[in-house]
Amino acid sequence: MSTVLVTGGNGYIGSHTVISLYENGYDVIIADNLSNSKMEVQNRLEKICGKRFKFYNVDCCDEAALEKVFSENKIDSVIHFAGLKAVGESVRMPLEYYSNNINSMITVCKLMKKYGVNNLVFSSSATVYGMSEDVPFTEESPLGVCTNPYGWTKWMLEQILRDFAKAEPSMKVCLLRYFNPVGAHESGLIGEDPRGIPNNLFPYISKVAGGTLEKLTVFGDDYDTPDGTCIRDYIHVVDLADGHVKAIRYLESHDAGVSLFNLGTGKGTSVKEAVAAFEKACGHEINHVFGPRRPGDIAVCYASTEKAEKELGFVAKYGIDEMCSSCWKWQTMNPEGLSDD
Ligand code: NAD
Ligand code: UFG
């Protein structure tokens, strides 16, 4: 059985990916410092999979601590999710973002080299396309100018990994550029569980729908889009998780080098459409008002999915209705999120 080390595997996308890997016959080891997730996720994963995964509470920047994970296990592949991801926070705390996101990846790479682990999947983001609105974004679209330190860490890490792969001829690196991951596992046991007031649209809508927040502010209705609100390519987190299994399989069956794929649905949904879809899922109106544009937002962002379909065999199965209904199930089953115990 092939073993995958999932760094940040206790987080939102990581925990869903652990399930997909397990369901596809992989053994999984999780390394996470719990800086943005709760240990209860491991209990939930055990409930869903009927198996307790090997878990290391470790900071991926701490080489000595992370080395234990590599020395105690025979690892075949790594999926590196560990990182900080809040755009606004990264503007206020750039050094923490550069330090955590870049050092954790470099430390993982050093240990992969030392222990002869050659397959690496990296969580990148559509944010590397910058402020361009030349949609759909293809993998050949030029990298843009990022608007915040978080985005730059992804941009820089893609380059660092290209350089690493060039210097290490046996390394196989797959860069995955996610569009907007939303939704939750069908069980309602795991989902997106942000600390404090959410910044992103879906967690915010969920809390308004659930009554914990009073109203949603839609940031701008004067964009050059059919209904005036921004358009994004929302992708169900379970589809995204499946994309990671396909990426691991791709690395297992291809030669060394760097590969790159967008993971999206190729379909754009406006903020107004997302609100309407959520209202359908929860059965009542979502209190919302229209406010000014949020700085740094682009009007339209969606993926070209052609390359992922052709080369990875990846096609997203779920649409906006399933994204909303799974989000709502997670919200109603866990109105306060997971407990911190
Ligand atoms: P998340 O915060 O839920 O998960 C990240 C996990 O990594 C958390 O459990 C956190 O505790 C852990 N972590 C952070 N720094 C660590 C470190 N130094 N050592 C060990 N663990 C550490 O975030 P997510 O939404 O699951 O995102 C996963 C990855 O995907 C991140 O790299 C993120 O930047 C990237 N990504 C996310 C989105 C999105 O919209 N959610 C979009 C594009 C890319
Ligand atoms: N929005 C609102 N009100 C809110 C929150 C968001 O109207 O309270 C709008 C935004 O203005 C935007 C859309 O909803 O038009 C989506 O916003 P999100 O914050 O959910 O997502 P973004 O597209 O801004 O950013 C996400 C991730 C980033 C990642 C980027 C590209 O948060 O980490 O996708 O992958 F870089």
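The values are calculated or read from the model by the stated rules, or taken from the named source; none is laboratory data. Quick caveat, the model's predicted, so the values are computed rather than measured. Backbone-built Cβ (ideal geometry, glycine too); neighbour counts: all protein chains shown. Just so you know, the surface numbers come from the protein's heavy atoms only, side chains and all, with ligands and any DNA or RNA stripped out. Shrake-Rupley method; radii C 1.70, N 1.55, O 1.52, S 1.80 Å.
Within region 151-175, residues that are closer than 19 Å to Thr138 by Cα reach partners that are aromatic (Phe, Trp, Tyr) and in a helix (DSSP H, G or I) with beta carbons closer than 7 Å, at six or more positions or on different chains, in the pairs Cys174/Tyr250.
Would you call Pro198 within 16 Å of ligand 1 (Cβ to nearest atom), in contact with a Pro (Cβ under 9 Å, 6 or more places away or on another chain), closer than 17 Å to Glu336 by Cβ and not charged (D, E, K, R)? It would help to see each step written out before you state the result.
Details: within 16 Å of ligand 1 (Cβ to nearest atom): yes; in contact with a Pro (Cβ under 9 Å, 6 or more places away or on another chain): no; closer than 17 Å to Glu336 by Cβ: yes; not charged (D, E, K, R): yes.
No.
Only residues that are out of contact with any Cys (no Cβ under 9 Å at 6 or more places or on another chain), polar (S, T, N, Q) and outside any loop (DSSP other than H, G, I, E, B) were counted across region 55-99, and they come to 4. When residues in region 201-214 are screened for being among the β-branched types (Val, Ile, Thr) and within 16 Å of ligand 1 (Cβ to nearest atom), 1 of them pass. Taken over region 239-252, residues that are closer than 19 Å to Ser125 by Cβ and either open to solvent by less than 10 Å² (accessible area, probe 1.4 Å) or within 11 Å of the chain's Cα centre (by Cα) (or both) amount to 6. Restricting Gly88, Gly151, Gly144 to those that are of a type in the set (Gly, Ala, Ser), crowded, with 20+ Cβ neighbours inside 10 Å and within 13 Å of ligand 2 (Cβ to nearest atom) reduces the list to Gly151. Within region 161-205, the set of residues being touching a helix residue (DSSP H, G or I) at 6+ places or on another chain (Cβ under 8 Å), among the aromatic types (Phe, Trp, Tyr) and open to solvent by 10 Å² or more (accessible area, probe 1.4 Å) comprises Phe164, Tyr178, Phe179.
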